[in-house]
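Taking it in order: structure first as structure tokens, then the write-up.
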Amino acid sequence: MIQTKLQPTATGAILFDTAVAPLADEAWFDAAAWRARGVLGAAGRGQALFVDLPFGPCVLRHYRRGGLMARMNADNYLWIGAKRTRAFREFRLLAELHDAGLPVPVPVAARYQRDGLRYRADLITRQVLNSMTLAQRLAAQSLDSEMGIRIGRCIAAFHARGIWHADLNAHNVLLDASDQPILIDFDRGRRRRADYHWQQANIDRLRRSLLKLGANAGDSAFEQGFWHPLLAAYHATLGDNTSVSVDASGNGGLA
């Protein structure tokens, strides 16, 4: 179980797992220093950095806005209290999910830096070694029915507990060295009352991202060989005893 400690800093605070160190170090979050030193890699909209900390390989992610808002305000958020900062909320959600046995990155530390009514934030998680995103597996043309089944069961396990992922897309599904799925990037994710509409919206979002990345709607290799097994496993894991219908667009609904 993750044991957390809050450590004040000159401009904010760090929330961290005491299993990694008795005291947190702001140097962990120094992206400029990591880049100068030569990081192990980078990925994602915010260019998450793969860094080698004293307690093992980790991922450092700076919170950044997307879309049109990013042009005006790249990484500042309105201050409404420490507990409601993006980093602290995601850290606590990941800790809860990890302790419940759900496949998520292990949270290490979260930091906010406050400047009046604004703040900036960062999150560090354990790196999932030898993993690839679902988007990368699609690009490598290595999707199959067994993978679809595992991903469907994985998503259902989160939905059964009322866990909503705000951006469930092919970049946020990892496959580890054993092809076991792990969901990443729970920024803005939260617990919700179980409801078919938001659960289905999550599934639809994942499908749209796959199609946008090059999956062919209607192609049997994708539909029959990956997507339909994913849907069937998803509904079966949720304990749905009704049949699963698949409309012409490939979306799964309850018959």
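Among Leu231, Gly162, Ala177, flag the residue with its Cα farthest along the positive direction of the charge dipole of the stretch 132-254, charges on Cβ as +1 for Lys/Arg and -1 for Asp/Glu.
The one lying farthest along the dipole's positive direction is Gly162.
Taking the Cα centre of the chain as origin, work out the dipole magnitude from +1 charges on Lys and Arg Cβ and -1 charges on Asp and Glu Cβ, in debye rounded to 20. Don't skip to the end; give the middle numbers.
Details: 31 positive and 24 negative charges, 210 e Å.
Roughly 1000 debye, rounded to the nearest 20.
Helix-derived [θ] at 222 nm for the chain: sum -39500 (n - 2.57) over DSSP H runs of at least 4, divide by residue count, nearest 500?
Roughly -8500 deg cm²/dmol at 222 nm, from the helical runs in the chain.
Report the local net charge at Pro181: Lys and Arg +1, Asp and Glu -1, summed over other residues whose C-beta lies under 15 Å from its C-beta. Kindly include the intermediate steps, with their values, before the conclusion.
Working: positive: Arg137, Arg150, Arg153; negative: Asp144, Glu146, Asp176, Asp179, Asp185.
Computed value for this residue: -2.
Based on Cβ point charges of +1 for Lys and Arg and -1 for Asp and Glu, what charge dipole magnitude is obtained for the stretch 132-254 about its Cα centre, in debye rounded to the nearest 20?
Details: 13 positive and 13 negative charges, 103 e Å.
Here the stretch 132-254 has a charge dipole of around 500 debye.
With θ taken as phi - 60° and the coefficients 6.51, -1.76 and 1.60, list the Karplus ³J(HN,Hα) couplings across the stretch 114-127 in order, rounded to whole Hz; mark glycine and proline as x.
9, 9, x, 8, 10, 8, 10, 8, 9, 9, 10, 10, 5, 6
If you take the Cα atoms of the chain, find Rg, then find the Kirkwood Rh from the mean of 1/r over all pairs, what is Rg/Rh?
Details: Rg = 19.1 Å, Rh = 19.3 Å.
Result: Rg/Rh = 0.99.
Quick check on packing: order 91-98, 211-218, 103-110, 115-122 by the mean number of other C-beta atoms within 10 Å, highest mean leading.
On the way: 91-98: 20.2, 211-218: 13.4, 103-110: 24.4, 115-122: 16.9.
For the peptides 91-98, 211-218, 103-110, 115-122, the packing ranking is 103-110, 91-98, 115-122, 211-218.
Subtract the Cα-Cα distance of Ala236 and Ala140 from 0.36 nm times their separation in residues, and report this length gain in nm to one decimal.
Numbers: separation 96, 0.36 × 96 = 34.56 nm, distance 2.83 nm.
Contour length minus the Cα-Cα distance gives 31.7 nm.
Would you work out which of Val20, Ala109, Leu6 lies farthest towards the positive end of the dipole of the chain, given +1 charges on the beta-carbon of Lys and Arg and -1 on that of Asp and Glu, about the Cα centre?
So the residue we want is Leu6.
For the charge dipole of the chain, defined by +1 on Lys and Arg C-beta atoms and -1 on Asp and Glu C-beta atoms about the Cα centroid, which residue among Gln127, Ala82, Ala95 has the Cα displaced farthest towards the positive pole?
Ala82
Which whole DSSP H helices in the chain pass both tests: a Cα extent of 30 Å or more along the axis and a mean Kyte-Doolittle value no lower than 0.5? Mind dumping the intermediate values first?
Working: long enough: none.
Sorted by number, there is nothing, because no helix extends far enough and scores high enough.
Read-outs: derived from the displayed coordinates by stated rules, not from any lab. Quick caveat, the model's predicted, so the values are computed rather than measured. With ideal geometry, Cβ positions are generated from the backbone for all residues, glycine too; neighbour counts draw on all protein chains shown.
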